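A.B. asks: First the structure, which I've put down as structure tokens, then a few questions once you've had a look.
The values are calculated or read from the model by the stated rules, or taken from the named source; none is laboratory data. Because the structure is a prediction, the values reported are computed rather than measured. Here the Cβ positions follow ideal geometry from the backbone for every residue, glycine too, while neighbour counts run over all protein chains shown. Each accessible area value is taken on the protein alone, full model and side chains, heavy atoms only, with ligands, DNA and RNA left out. Shrake-Rupley method; radii C 1.70, N 1.55, O 1.52, S 1.80 Å.
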Amino acid sequence: HGLKNYIKKTEILILNMEEACELVSSKTKKKPLNEKQLLLEIDKMGAKISVITEDGSGSIVITGGKSYHQKAIPVKVVDTTGAGDSFGATFTFGIIKDFDIHYALKIAAINAGNKSCHRLIC
């Protein structure tokens, strides 16, 4: 698979659930049976940190065989355009600034929620 070498050199891989399932299916030639299997397959691909966003449900990070979950921040959604990009940029910022995974996930969820409701306090 052409992406294999690139993923192994990747510090942070951010995918939505549909993209993650498609990537794993392209590698294993079958759909993952459950979330745990999906995470294990993504982790085996070799990115240092892999993130899977789950729309309004939240996100999951897997790194070194350990997973972290973050629920979405509840907001009155006006428009989700750009929320995933806001999440990814903020999570990446958190990691670059040496925040721990939990805190990077939390600030990313807050920023994505703010983007979805178009104002700081929903």
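A.B. asks: Consider ILE110 carefully, then state whether it is of a type in the set (Val, Ile, Thr) and over 23 Å from GLU41 (Cβ atoms).
C.D. replies: Numbers: of a type in the set (Val, Ile, Thr): yes; over 23 Å from GLU41 (Cβ atoms): yes.
In short, yes.
A.B. asks: Examine the range 71-79 for a residue that is within 13 Å of the chain's Cα centre (by Cα), at pLDDT below 95 and among the β-branched types (Val, Ile, Thr), and state whether such a residue exists. Even if it seems obvious, please write down each step before you answer.
C.D. replies: Looking only at the range 71-79, we keep the residues that are within 13 Å of the chain's Cα centre (by Cα), and these are 71-72.
So of that shortlist, the ones also at pLDDT below 95 come out as 71-72.
Now restrict to residues that are among the β-branched types (Val, Ile, Thr): none.
Looking for residues that are within 13 Å of the chain's Cα centre (by Cα), at pLDDT below 95 and among the β-branched types (Val, Ile, Thr), one finds none in the range 71-79, hence no.
A.B. asks: Next up: Is it the case that THR90 is modelled with pLDDT under 80 and among the hydroxyl-bearing types (Ser, Thr, Tyr)? Steps first, please.
C.D. replies: On the way: modelled with pLDDT under 80: no; among the hydroxyl-bearing types (Ser, Thr, Tyr): yes.
For THR90, the condition - modelled with pLDDT under 80 and among the hydroxyl-bearing types (Ser, Thr, Tyr) - is not met.
A.B. asks: Sticking with this one: Can you name every one of the helices (runs of 4 or more DSSP H) wholly within the range 1-99 that holds 2 or more residues which are open to solvent by 30 Å² or more (accessible area, probe 1.4 Å), among the aliphatic types (A, V, I, L, M) and closer than 22 Å to ALA109 by Cα? Walk me through how you get there before you give the answer.
C.D. replies: Numbers: elements: 4-8, 17-28, 35-44, 83-96.
Fully inside the range 1-99 and qualifying: 83-96.
A.B. asks: Could you grab the pairs with beta carbons closer than 9 Å, sequence gap of 6+ or different chains, first residue in the range 7-23 and farther than 14 Å from LEU39 by Cβ, second one surrounded by fewer than 17 Cβ atoms within 10 Å (Cβ to Cβ) and modelled with pLDDT of 90 or more?
C.D. replies: ILE7/GLY46; LYS8/GLY46; LYS9/GLY46; THR10/GLY46; THR10/LYS48; GLU11/LYS48; ILE12/LYS48
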